[in-house]
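Notes to accompany the following structure.
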Amino acid sequence: DTLLQEPLLNDSTNVINATESNKCNLGKTITPYSNASIFSILTFSWMGPLIAVGNKKTLDLEDVPHLASVDSVKEAFPIFRNKLESDSDSSSGVTTLTLVKALIFSIWREILLTAFFCTSIHIGFLHWPVPH
């Protein structure tokens, strides 16, 4: 039980300072992914600066961009918990099925977007001209 309460990093002050430096006035975390265009997201070009740093040295935690606030646990967990509580019966408790349903209904937009991208890639490869 005490293992779950231990910090993941030895020096948590650096993490806090790095997190605070990536915040803007509204309390939203500014990340390269959150500012990326749809083309940048599709081609992963928003990761270019990180890859360039990784080519020069071993990446530290300060080099890796933080999650956008919408993707953080503080934002995602309440949505998941609400879906889980609305689907589960208090008498039978939480089952595997209710956990899966809560997870899917919590991130259904992301699942559909990923399915669309995968389908687009597969259609593109099916119609790509093959040299003979």
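The table below lists the values:
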item: Spacing of the two label points (7 Å from each Cα toward its C-beta) at I111 and A36, in nm; result: 2.3
item: In sequence order, calculated HN-Hα J values of region 72-88 (Karplus, 6.51, -1.76, 1.60; Hz; x Gly/Pro); result: 7, 5, 4, 8, 7, 5, x, 5, 4, 5, 4, 5, 5, 5, 6, 8, 8
item: Cα gyration tensor category, rounded, prolate or oblate, for region 91-131 with a/c compared to 1.5; result: prolate
item: Computed label-point distance, nm, for sites K57 and E75 using a 7 Å Cα→Cβ extension; result: 3.0
item: Calculated FRET value between S92 and F44, using beta carbons and R₀ = 35 Å, to 0.05; result: 0.20
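Each reported figure results from applying straightforward, stated rules to the coordinates on display, with no laboratory input. In this text the structure is predicted, and so the values were computed from the model without any measurement. Positions of Cβ are backbone-derived with ideal geometry, glycine not excepted, and every protein chain shown enters the neighbour counts.
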